[in-house]
Amino acid sequence: MRTFAITWDYRCPFARNANEFVVDALLGGADWDVTFVPFSLGQVHVADGETPVWDRPADDSGLLALQVGTAVRDIDPQRFPDVHRDLFALRHDLGGNLRDADRLREIVTRHEVDAGAVFTHVADGRALKAVSEAHEAAAAEHDVWGVPTLICGDRAVFVRLMHRSDGDAGTAAATVERLLDLMDGFVDLNEFKHTRIPR
């Protein structure tokens, strides 16, 4: 069994792509132990000396959804993958507002997760604490600065997958395995970026 983590913020289309690959592979039976790590792009852009987003969560456009996703992950991990996918879809497929609590609640409820429990975690600060602790740990322990980042052992790699997995579990699993193999076996490669998107 492979063990790794992947960061996310629902605002990032590349985080959506990579997290969908992982979710599709898991739902297709991939033998992985995956930790989904919330990581706030809002906090990344806070300058030294400014107030952290954790102290002013209403100012950040993605933090409510990040808290909701994290609460679902912790309360109902079996249903998290489907909720996770739909929270990304709200932003990237439907053009929805990640601050819209009613839309977030509808997604959670549609997947038969206890929305009351989820939003209690948000209201009482448990979800925000979980997000901030995960974010700060990823930054401190692995120098994570963006999403999506894959973390495997003591290695962390920022990745950008240009296409979605489209529900193909086999392709999703093979793609993620290839990324993990590169992390494990080709540590001399630090950056490999096409100058234009291949056709």
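Data overview
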| quantity | calculated |
| --- | --- |
| Additional length obtainable on full extension of the chain from ASP168 to ASP184, 0.36 nm per residue less Cα span | 3.3 nm |
| Surface per residue (accessible, 1.4 Å probe) for the range 42-183, Å² | 51 |
| Cα long-axis angle, helix 101-110 against the chain (0 to 90 degrees, to the nearest 10) | 70 |
| Amide hydrogen neighbours beyond the local backbone of CYS12, cut-off 5 Å, H modeled | none |
| Share antiparallel - DSSP beta bridges, the chain, percent rounded to 5 | 45 |
| Mean Cα-pair separation over length for the chain, i.e. relative contact order, pairs under 8 Å, 6 or more apart, % | 32 |
| Sites excluded, GluC sites (Glu not before Pro) in DSSP loops with at most 15 other C-beta within 10 Å, longest stretch of the chain | 113-190 |
| Within the chain: Cβ-based charge dipole about Cα centre, in debye rounded to nearest 20 (Lys, Arg +1; Asp, Glu -1) | 600 |
| Two-decimal log10 I(q)/I(0) for the range 29-184, as the Debye equation yields it once each C-alpha is a single scatterer, q = 0.09, 0.12, 0.19, 0.20 Å⁻¹ | -0.31, -0.56, -1.37, -1.47 |
| CD proxy at 222 nm, helix term only [per DSSP H run n ≥ 4: -39500 (n - 2.57); per residue of the chain; nearest 500] | -15500 deg cm²/dmol |
| Radius 9 Å from Cβ of ARG2, net charge of other residues (Lys, Arg +1; Asp, Glu -1) | -3 |
| Extension gain, ASP154 back to HIS194 (0.36 nm per residue minus Cα-Cα distance, nm) | 11.8 nm |
| Calculated FRET value between ASP48 and ALA137, using beta carbons and R₀ = 25 Å, to 0.05 | 0.80 |
| Relative contact order %, the range 46-153, counting alpha carbon pairs below 8 Å whose residues are six or more apart | 27 |
| Efficiency of FRET from Cβ geometry, GLN78 and THR120, R₀ 22 Å, rounded to 0.05 | 0.70 |
| For the range 140-198 versus the range 1-69, the gap between their alpha-carbon centres in whole angstrom | 15 |
| Where labels lie 7 Å past Cα in the beta-carbon direction, separation of LEU94 and ARG56 in nm | 3.0 |
| Alpha carbon convex hull of the range 1-118, volume per residue in cubic angstrom | 110 |
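The values are calculated or read from the model by the stated rules, or taken from the named source; none is laboratory data. Small disclaimer: the values here were computed from a predicted structure and weren't measured. Here the Cβ is made from the backbone with ideal geometry for all residues, glycine too, and neighbour counts use every protein chain on show. Please note that ligands, DNA and RNA were not included when accessible areas were found on the heavy atoms of the full protein model with its side chains. Shrake-Rupley method; radii C 1.70, N 1.55, O 1.52, S 1.80 Å.
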